[in-house]
Amino acid sequence: MNKKQKIMLARILAAAALLLILGFVPADGWLRLGLYLVPYLIIGYDILLKAAKGIRNRQVFDENFLMAVATIGAIALALAEGSGDYTEAIAVMLFYQIGEWFQSYAVGKSRRNISELMDIRPDYANIETDGRLTQVDPDEVAVGTVIVVQPGEKVPIDGVVVEGTSTLNTAALTGESLPRDAGAGDEVISGCINMTGLLKIRTTKEFGESTVSKILDLVENASSRKSRSEDFISKFARIYTPAVCGSALVLAVLPPLVRMLGMDLSPDWSTWIYRALTFLVASCPCALVISIPLSFFAGIGGASKAGVLVKGSNYLETLSQTKIVVFDKTGTLTQGVFEVCGIHHSEMENEKLLEYAALAESASSHPISKSLQRAYGKELDRSRVSGIQEISGNGVTAVVDGHTVAAGNDKLMDRLGIPYIPCRSVGTIIHMAVDGDYAGHIVISDVVKPHSKQAIQALRSAGVRQTVMLTGDASKVADHVAAELGIDQVYSQLLPADKVEKVEELLKHKPEKAKLAFVGDGINDAPVLRRADIGIAMGAMGSDAAIEAADVVLMDDDPLKIAKAIKISRKCLGIVYQNIVFAIGIKLICLLLVAVGLANMWLAIFADVGVMILAVLNAIRALFVRNL
Amino acid sequence: MKKTYKIEVDCANCANKMEEAARKTAGVAAATVNFMTLKMIVEFAEGHDPKAVMEQVRKNCKKVEDDCEIYL
């Protein structure tokens, strides 16, 4: 509770106590009014002041005005009728203030909750000077400085480890609880928590450009992009209050006039004025106006906790309507790293063949030769290799340990006139020939991510109707991956520009309401990410381009998170619609009951405050996304 | 040019009113008020001094919602 809230609580308690005591005080006439005005002014003086100021500033129709008119009117009626029942007016003001107090408390609480969720801002960086550690503001650390991160501390700035090994907890960034190992030469990202060992890190970015700053900036500004629901509510509130005031006036004046002039009955002014005042009390739009932005705020907060950063309420809304998901293949559904996954028809030991291949390719920096070297796994002795000849688009020939070795594709074998055994596996095939004889082939292919298949199924059960994969790869490879994962449509052998074209084609043919999401790893997908209804970049830790271009950023590269993001958005939007329907529905019923005289002011204020409290509690539910 | 200001306001509807008032101020190209993070993001029109514009924004906001504050 802050100071304002404490004062308000004291006022509420004081007014309630006074009201109770006054119930036992026998007083009549003006004395009674005077006594009752004390709790009324304690609880409502600020509302009256605000209403007066509103009138002075020509901002007449707001909640304060409604409450002021309703309560003063009720007191005036009680005075005119001589009933002396002032309790009602005070109670209305009291309950209104209780509602406001609760709202302010709940909003403050969820504000704190969410900022705690995103409590990844590092407060300091350690710099070693003359053997002693000094803490400095991370903003002041220049690029290239070596900083020291002790166990238990947050990595404040992106950089490369120069000394030490440790495990890092990335949960705050990715929602992934599995820790990562980091050693000398590894890149580390700010916001991770160093768990075990001391790390010395050479910074590669300024604090403002580091991952943690970017994320905080993104999250803090997220709810500034408003969704259509929020716009609807602000517009609704703008016409609603004047409309209600007008209706109340009509309710106060028209029926008595009709009774008097048309039906020859007594006008019964006080009943109708009372109903009009009750109408004003029941009409406060607070439940709506507070609960919608609060739902979005909680939804975005909950999503960031799960490692899904949504750049605005509008994107959360679009995400919830996603029916078509288009994937980039490499790096999104597959690891994007090539691995040796088979050695066939080898005339010698597989190990030996791999050794020859790795040595022959040792001079190349091509991803294929990298994966051969990785599969071989041992240090390469380059002195064993001589006479390396690269034949572009074919492969290499070299002399290894005195044997001539040729490693390359079909074309190379044709060129050398060596008969080879074609391979049925999918992937890149490297045929090997040693001393002019065919020695077998090695299959290298991109590996599907462990969760990809599950992710496609999860998307389906989350209501996605169509999954499409776009890739620059050969159709054989693409079809194989798509069949394995259960993807509906595949377009292969696409250049980056073709991808944009394909997405535009898909956008043209889809129904208006179904939204299309594109998921990419963000490295060369920026134009497509922008073109789709909603662009999702994954594995974005450290990639600024992706964070800029995408609307939704998945902090790690697990494709299951896509379905999770959609589910979070559905839940949040579900809550938003519940609140809109619930709040407007109850309001309308209440107004109707009041107009026909079935509800009094007590019921009206209970309905108003009750709906608001329920709507706020419902909104906070959007924060809980763990089990989606 | 875009700038972010910290604000103080009690209710969501008042925040909407502040946003409306800020948008109508001369020299403001666009303005959003984020009630949940209590921030006002103002984009200034070409050739206007942010300081002078913000003084006016603050004045206009005070007019629609007396109980608000913009920390300039």
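The values are calculated or read from the model by the stated rules, or taken from the named source; none is laboratory data. These numbers come from a predicted model, not from an experiment. Cβ sites come from the backbone with ideal geometry, for glycine too, and all protein chains shown count toward neighbours.
At-a-glance table
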{"item": "Candidates A:TYR315, A:TYR376, A:TYR356, filtered to the one that is of a type in the set (Phe, Trp, Tyr), without any contact (Cβ under 8 Å) to a residue 60 or more places away in the chain and over 26 Å from A:HIS480 (Cα atoms)", "result": "A:TYR376"}
{"item": "Within the range B:25-42, tally of residues that are within 13 Å of chain A (Cβ to nearest Cβ), over 21 Å from A:VAL616 (Cβ atoms) and over 10 Å from the mean Cα position of the chain (by Cα)", "result": "0"}
{"item": "Test: residue in the range A:32-49 that is out of contact with any Asp or Glu (no Cβ under 8 Å at 6 or more places or on another chain), within 13 Å of another protein chain (Cβ to nearest Cβ), touching a residue at least 12 places away in the same chain (Cβ under 8 Å) and not β-branched (Val, Ile, Thr)", "result": "yes"}
{"item": "Lone qualifier among A:ILE42, A:ILE47 - being under 21 Å from A:VAL281 (Cβ atoms) and either exposed (fewer than 14 other Cβ atoms within 10 Å of the Cβ) or within 39 Å of the chain's Cα centre (by Cα) (or both)", "result": "A:ILE47"}
{"item": "Which numbered condition B:MET54 misses (of (1) assigned to a helix (DSSP H, G or I); (2) at the interface with chain A (Cβ under 8 Å from one of its Cβ atoms); (3) among the aliphatic types (A, V, I, L, M))", "result": "(2)"}
{"item": "Selected residue [within 14 Å of chain A (Cβ to nearest Cβ) and among the β-branched types (Val, Ile, Thr)] from B:ILE7, B:ILE70", "result": "B:ILE7"}
{"item": "Selection within the range A:409-442 - within 52 Å of the chain's Cα centre (by Cα), in contact (Cβ under 8 Å) with a residue 12 or more places away in the chain and over 12 Å from A:LEU353 (Cβ atoms)", "result": "A:ASN409, A:ASP410, A:LYS411, A:LEU412, A:ILE421, A:PRO422, A:CYS423, A:SER425, A:VAL426, A:GLY427, A:THR428, A:ILE429"}
{"item": "Counted residues, the range A:167-185 - those being buried (at least 16 other Cβ atoms within 10 Å of the Cβ) and at positive phi", "result": "1"}
{"item": "Identity of the residue in the range A:66-93, without any contact (Cβ under 8 Å) to a residue 40 or more places away in the chain and not hydroxyl-bearing (Ser, Thr, Tyr), that ends up farthest from the other protein chains (Cβ to nearest Cβ)", "result": "A:GLY82"}
{"item": "Selection status of A:VAL468, among the aliphatic types (A, V, I, L, M), more than 27 Å from the chain's Cα centre (by Cα), surrounded by 15 or more Cβ atoms within 10 Å (Cβ to Cβ) and not in a loop (DSSP other than H, G, I, E, B)", "result": "no"}
{"item": "Total residues in the range A:359-384, condition farther than 20 Å from A:ILE444 by Cβ and either surrounded by 12 or more Cβ atoms within 10 Å (Cβ to Cβ) or of a type in the set (Gly, Ala, Ser) (or both)", "result": "2"}
{"item": "The lone exception for A:VAL155 - which of (1) crowded, with 18+ Cβ neighbours inside 10 Å; (2) of a type outside the set (Lys, Arg); (3) at pLDDT 85 or above; (4) at positive phi it fails", "result": "(4)"}
{"item": "Considering residues of the range A:300-333 that are surrounded by fewer than 24 Cβ atoms within 10 Å (Cβ to Cβ) and of a type in the set (Val, Ile, Thr) only, the residue nearest to the chain's Cα centre (by Cα)", "result": "A:THR318"}
{"item": "Out of A:ARG121, A:ARG112, sole residue that is within 30 Å of A:ALA15 (Cβ to Cβ), at pLDDT below 85 and basic (Lys, Arg)", "result": "A:ARG112"}
{"item": "Residues of the range A:186-209 classified as polar (S, T, N, Q) and at positive phi, total", "result": "0"}
{"item": "Some residue of the range A:394-408 being more than 15 Å from A:LYS329 (Cα to Cα), free of Cβ contacts under 8 Å to residues at least 12 places away in the same chain and among the acidic types (Asp, Glu)", "result": "no"}
{"item": "Index of the failed condition, B:VAL64 passing every other in (1) within 26 Å of A:ILE55 (Cα to Cα); (2) more than 8 Å from chain A (Cβ to nearest Cβ); (3) in contact with a Gly (Cβ under 9 Å, 6 or more places away or on another chain)", "result": "(2)"}
{"item": "A:ALA583, sole failed condition from (1) of a type in the set (A, V, I, L, M, F, W, C); (2) part of a helix (DSSP H, G or I); (3) more than 30 Å from A:LEU277 (Cα to Cα)", "result": "(3)"}
{"item": "Filter result for B:ALA12 (within 10 Å of chain A (Cβ to nearest Cβ) and in contact with a Pro (Cβ under 7 Å, 6 or more places away or on another chain))", "result": "yes"}
